[in-house]
1. Mind checking which residues of region 67-83 are loosely packed, with under 13 Cβ neighbours inside 10 Å and either among the charged types (D, E, K, R) or over 15 Å from residue 9 (Cα atoms) (or both)?
2. Would you confirm, using the coordinates I've provided, whether residue 16 is farther than 23 Å from residue 94 by Cα and part of a helix (DSSP H, G or I)?
3. Looking at 33, 95, 85, 4, which one is of a type in the set (Val, Ile, Thr) and at pLDDT below 95?
4. What pairs come out if I take residues in region 30-42 that are hydroxyl-bearing (Ser, Thr, Tyr) and pair them with residues that are assigned to a helix (DSSP H, G or I) whose C-beta lies under 6 Å away, six or more apart or interchain?
5. Taking region 23-61 only, how many residues are of a type in the set (Ser, Thr, Tyr), crowded, with 16+ Cβ neighbours inside 10 Å and assigned to a loop (DSSP other than H, G, I, E, B)?
6. With 13, 63 as the choices, which residue is touching a residue at least 40 places away in the same chain (Cβ under 8 Å), out of contact with any helix residue (DSSP H, G or I) (no Cβ under 6 Å at 6 or more places or on another chain) and not charged (D, E, K, R)?
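The values are calculated or read from the model by the stated rules, or taken from the named source; none is laboratory data. For clarity, every value in this text was computed on a predicted model and none was experimentally measured. Because the Cβ atoms are built from the backbone with ideal geometry, glycine has one as well, and the counts that use them run over all protein chains shown.
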Amino acid sequence: MDATIEKALHIMLANWERMKKSHEDDAEDDANTFEASFYHLMEQIRKWFGKLEPKPTTLDDALLLPDMAKLEEQLPVEILLNFETELELIVEGETRIEDEKYD
């Protein structure tokens with residue numbers, strides 16, 4: 001797996017674990033930290049994807065890439081849909097508008 005993606009994944013997973021264990025006082029900050037790390041991971045995937053030749057043209061094809069399959073195996077089931085939605089946007093060459101991110 002690309003080293004930049006792997007590093008971003010590990011940070012995001014650590015933030016996910018921290019968010020799950022948050023106390024009420026820290027919950028909002030931990031959720032915001034996790035969200036930022038999730039989108040940072042997706043941005044690293046976007047950059048990596050931009051260098052691929054040939055590029056997958058469907059989400060299913062993208063998920064068959066060894067790096068994406070390995071990454072998806074490590075994701076908590078609760079965020080798989082968000083990951084697949086973001087990856088599909090990357091495949092389609094679209095960028096999510098800031099206001100449209102998950103709340």
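1. So the first thing to find is which residues in region 67-83 are loosely packed, with under 13 Cβ neighbours inside 10 Å, and the list is 69, 73-74, 76-78, 80-81.
Listed by number, the residues that qualify are 73, 78, 81.
2. Working: farther than 23 Å from residue 94 by Cα: yes; part of a helix (DSSP H, G or I): yes.
The answer is yes for residue 16.
3. It is 95.
4. Listed pairs, sorted by first residue: 33/15; 37/11; 37/12; 37/15.
5. 0
6. 13
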